[in-house]
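Report on the following structure.
The values are calculated or read from the model by the stated rules, or taken from the named source; none is laboratory data. Model, not experiment: these values are computed from the prediction. Cβ: placed from backbone, ideal geometry, glycine included. Neighbour counts: every protein chain shown. Just so you know, the surface numbers come from the protein's heavy atoms only, side chains and all, with ligands and any DNA or RNA stripped out. Shrake-Rupley method; radii C 1.70, N 1.55, O 1.52, S 1.80 Å.
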Amino acid sequence: MDLIPRLVALLGEDAVQTDADIIASTLVDHRKLYRGATPAVVSPRDTAGVSKLLAFCTEHGIAVVPQGGNTGYCGAATPDESGRQLVLSLRRLDRIRRVDADNFCLVAEAGCTLQRVQEAAEAAQRLFPLSLGSEGSCQIGGNLGTNAGGTAVLRYGMTRELVFGLEVVLADGCVLSSLSPLRKDNTGYDLKGLFVGSEGTLGVITAACLKLFPAPRSIATAWVSIPEPAAAITLLSRLRAASGDRVSTFELVPHVALDLVLRLVPGARDPGTSRAPWYLLVEVTSPADEDLAALLESTLSEAIEQGLATDAAIAQSGTQRDDFWGLRETVPEAQRRAGGSLKHDISVPVAALPDFIERGSALVRAIAPEGYLVAYGHVGDGNLHFNLNQREGTETGAFLSRELPLKRAVHDLVAEFGGSFSAEHGIGRLKVGELERYAQPEELAVMRRIKQALDPKGILNPGKVLRAD
Ligand code: 2HG
Ligand code: ZN
């Protein structure tokens, strides 16, 4: 079959791109772990176009790899090396179809950037709380497909919890549409829950009805020096109680990460607090007018008196708040600039994090002496990016050769703690083997049966999440 003319006939010339220079960036994942090939990047202009494409691909057994902003960490949006998988770009589905302040919802198409969704909510005095470092370029379809996490999960939950309903195109082209803002709808299986986090392997999400919240009117942000991770756990529960559970962000940053950021990220500003082995970025927000800075100040002063913290700075302006946030959000960039890194996106029950850090650090010292630990992240969710960077003066080959033994040891430790080897970045292609190893066999069998039922020809993102047959 002459594929390209058939695609052009189906969707129009402007929907089919084959120029090697133009499509190059869609063939490599964000972390540059994979480099794929494709006959074309197809960008339908609407849901009907996605439906036509998938029906055609099912009929002819052509694999399709859905792609949003291409900012994922596990290679879920990259085609394989065969050169036979089409890339389905959702970028032209970029309308905010409706903002409904009274029902606290909005309907956005998959190709809207997360930032556009946030701004549409803000314009209606509402909040869409999903918040990630890549929000300017990641797309809401990708956030839904990967069940993205980010820095407000503690208060508002992962993406899955922010959805009223979805519009999804199934492999055979059939469109499931459920975009109403019903808070109660107890009619059968939770189909939307199935598609969120399925990474494009069960259907292609084309639009979503998203949950909004009252816009915050008061915000207080602090950068806190703490002596050890255990102090973070105590401080978190104190602050949750003192604030009436309005802590929206509670992030842990080790000194080594702050140091990398200050050295390697242009514009990064020292928070001015005394040096400590660990720091916290803490934010408390409220939809009412209240003095949250005073609340933070009294809780943190008490913490300092009791030795739970050694210093703290409360942001005195929007600029200082942005500076504090920048110190946390640019840790991945600083890690990249510092050279080779090994990453583990793990979670354990929140209160077990200090023990995990201690035992995990010992593993790093024993297994990967060429690396040093840069463990940071969403301590309020029990989710750490247990990452390593290469020590200066060591051999890159030796450092990288530690990847597999270290991953096995860290993930085994996570399993011992009853945790997850992929807390927020998903499975993609990178962690298919890990899922096979750590998921319960019964769970895997159910996943395979669902995949078989919804995509019997296996055209949807083959080889991602589950190994292709
Ligand atoms: C973050 O929390 C992201 O900054 C990226 O999830 C984590 O680079 C990483 O490992
Ligand atoms: Zn993260």
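Here are some notes:
- Among residues of the stretch 244-264 that are closer than 14 Å to E329 by Cα, those with a beta-carbon under 7 Å from a residue that is among the polar types (S, T, N, Q) at least six positions away or on a different chain give the pairs T249/T151; E251/T151; L260/Q335; V261/T330.
- Sole residue being open to solvent by 50 Å² or more (accessible area, probe 1.4 Å), among the aliphatic types (A, V, I, L, M) and within 18 Å of S82 (Cα to Cα), chosen from A20, A48, A40, A9: A20
- Helices (runs of 4 or more DSSP H) enclosed by the stretch 136-197 - at least 3 residues per element that are hydrophobic (A, V, I, L, M, F, W, C): 191-195
- A110 being over 12 Å from the mean Cα position of the chain (by Cα), surrounded by fewer than 23 Cβ atoms within 10 Å (Cβ to Cβ), more than 16 Å from ligand 1 (Cβ to nearest atom) and at pLDDT 95 or above: no
- Residues being in contact with a Leu (Cβ under 9 Å, 6 or more places away or on another chain), of a type in the set (A, V, I, L, M) and within 18 Å of G360 (Cβ to Cβ) - total across the stretch 387-414: 5
- Of the residues making up the stretch 24-41, those that are within 24 Å of I427 (Cα to Cα), in contact (Cβ under 8 Å) with a residue 40 or more places away in the chain and away from ligand 1 (no atom under 16 Å from the Cβ) number 10.
- Options L194, L202, L130, L166; residue that is closer than 22 Å to W325 by Cβ and hydrophobic (A, V, I, L, M, F, W, C): L130
- Being at pLDDT 95 or above and either in contact with a helix residue (DSSP H, G or I) (Cβ under 6 Å, 6 or more places away or on another chain) or within 16 Å of ligand 1 (Cβ to nearest atom) (or both) holds for only one residue in A207, A171, and it is A171.
- Number of positions in the stretch 261-280 that are of a type outside the set (D, E, K, R), surrounded by fewer than 22 Cβ atoms within 10 Å (Cβ to Cβ) and not in a loop (DSSP other than H, G, I, E, B): 2
- Looking only at the stretch 154-208, and only at residues there that are in contact with a Gly (Cβ under 8 Å, 6 or more places away or on another chain) and closer than 30 Å to S243 by Cα, the one that is surrounded by the fewest Cβ atoms within 10 Å (Cβ to Cβ): L182
- Residue check for L454: open to solvent by 10 Å² or more (accessible area, probe 1.4 Å), within 16 Å of ligand 2 (Cβ to nearest atom) and touching a Gly at 6+ places or on another chain (Cβ under 7 Å): no
- When the criteria are applied in full, G149 meets the requirement of being open to solvent by less than 10 Å² (accessible area, probe 1.4 Å), under 14 Å from the mean Cα position of the chain (by Cα) and within 16 Å of ligand 2 (Cβ to nearest atom).
- Whichever residue in the stretch 113-146 is among the charged types (D, E, K, R) and more than 16 Å from ligand 1 (Cβ to nearest atom) and, among such residues, is least open to solvent (accessible area, probe 1.4 Å): R126
- Checklist (1) modelled with pLDDT of 95 or more; (2) within 15 Å of ligand 1 (Cβ to nearest atom); (3) over 29 Å from I314 (Cβ atoms) applied to R402, failing item: (2)
- Just one residue in the set N461, N389 is away from ligand 2 (no atom under 16 Å from the Cβ), crowded, with 20+ Cβ neighbours inside 10 Å and closer than 25 Å to V65 by Cβ; that residue is N461.
- For first residues located in the stretch 358-373 and under 15 Å from S341 (Cα atoms), partners that are hydroxyl-bearing (S, T, Y) and open to solvent by less than 40 Å² (accessible area, probe 1.4 Å) and lie 6+ apart or on another chain with Cβ distances below 6 Å form the pairs L373/S361.
- Residue within the stretch 54-71 that is more than 26 Å from the chain's Cα centre (by Cα) and assigned to a loop (DSSP other than H, G, I, E, B) present: yes
- Filtered by the rule that a residue be open to solvent by 10 Å² or more (accessible area, probe 1.4 Å) and within 24 Å of G165 (Cα to Cα), the stretch 211-230 gives K211, F213, P214, A215.
- Yes/no for E424 being of a type in the set (D, E), open to solvent by 30 Å² or more (accessible area, probe 1.4 Å) and modelled with pLDDT of 95 or more: no
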